Each structure stands twice: as C-alpha cells, then as structure tokens.
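Following: one structure in structure tokens, then a few remarks.
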Amino acid sequence: MMHRTTATICLTLWTPWTLLLPIVPVRQGGQVAAPAGTTGVAVRVEARHPWVDSGLTVRKGDRLSFTADGMIQWGTKSDQVAGPEGHGAKPGKLGAGGLIGRVGYTGKPFPIGSTRTPIVMPSSGKLFLGINDFIFGDNAGAFSVTIIRLANDI
C-alpha cells in the first residue's frame, strides 16, 4: 500500500516574492528481508521530489546500511545523468544528482551515494532521502534504496 502526502511551506522573504518549498514525504516500498537482528525498508527516491520520507525514525548513533541503484537525470542536458554517487563525483565527494539524506525536516544533509559502509545517524528524528540538486522540475528517474538498521554492538 502506497501513501502519498504532500505539504507546501511558504516562506515570506524581505522581498515581495514568496518562495514555495515543497516537502514531499513519499514512502514507496515496504519492509525487506534483512539479516537477523536488523530491520530493513525499501524506498523509491524520485528525482523530482526534494525529500522523500523513508518511513524510518532514527536515533542519534544508529548505524544504517544503504544499498542504492538506479539512474536519474538531474537537468535538461543529455549528459546530466547520475547514479547514486552523482555526476562528477570525486573521492570523498558526492557529485551532482547523488543520493543524500537528512534527519528531521531541517537537518543538515549528508552524503549517502552508493557506499556500503554503515552511516552513523547524526541526530534523532525522521530519516529523509533526496537528490543532491536544487532544481527538481527538470529531473527524471529514481533511485531504489534499501536501508538496513544494523543491530547495536553495545
């Protein structure tokens, strides 16, 4: 069963213009088989949506493993395509259109890419996934992401 929720936030700046920032928590997918002592979910991250609600609530220090695949177009030019690592990625740096995450509605984005190394969550809250881009109307495609919450070693 797919649930789609859309919300728009209006921020009035010191100008006569209004900036509309869509927050689109869309969880497409469901639970997946994961190793004993872990829980996992599958999430489809559409390139046209700034942030997708993963359906997970994390705690600071939780370790999550991400497996991502797929290709997106992050612009109108034919060479503006990217996998989870992003276009033009360099060692230790995510490229344009790459897979990113954040915890909470205002959390600082962090790179995910196609790393298989567990990522430690920087804070507690809802986990969102997104695309490393600022203009979403010209994007196409999606990443398929499997997230596995690893058991604490403590």
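What follows draws every value from the coordinates through simple rules; no lab data is involved. Quantities reported herein were computed from a predicted structural model and do not represent experimental measurements. Positions of Cβ are generated from backbone atoms using ideal geometry, with glycine treated the same way; all protein chains shown enter the neighbour counts.
For the reader, a short list of remarks on this structure follows.
- Taking a ≥ b ≥ c as the square roots of the eigenvalues of the Cα gyration tensor, an a/c ratio of 1.5 or more together with a/b larger than b/c marks region 25-149 as prolate.
- Contour excess over end-to-end distance, with Cα ends at THR67 and ALA151 and 0.36 nm allotted per residue: 28.6 nm
- For region 119-127, putting each phi into the Karplus relation 6.51 cos²θ - 1.76 cosθ + 1.60 with θ = phi - 60° gives couplings of 10, 7, 5, x, 7, 9, x, 6, 9 Hz, in residue order, rounded to whole numbers and with x for Gly and Pro.
- Residues whose placed amide H lies under 5 Å from that of ILE131, excluding near-sequence neighbours: ILE100
- Under 5 Å, built H, 5+ apart or other chain: amide partners of VAL81: TRP74
- When the trypsin sites (Lys or Arg not before Pro) in region 48-154 are filtered for DSSP coil states and for at most 10 other beta-carbon atoms within 10 Å of their beta-carbon, the remaining sites are LYS77, ARG116.
- The chymotrypsin sites (Phe, Trp or Tyr not before Pro) of region 63-154 meeting both criteria, a DSSP state outside H, G, I, E and B (loop) and at most 12 other C-beta atoms within 10 angstrom of the site's C-beta, are PHE134.
- Cα gyration tensor category, rounded, prolate or oblate, for region 105-148 with a/c compared to 1.5: oblate
- Local charge for THR146 was computed over the other residues whose Cβ lies under 12 Å away, with Lys and Arg +1 and Asp and Glu -1, and equals +2.
- In this simple spin-label model, placing a label point 7 Å from the Cα along the Cα-to-Cβ direction at both PHE110 and ARG48 gives a separation of 3.1 nm.
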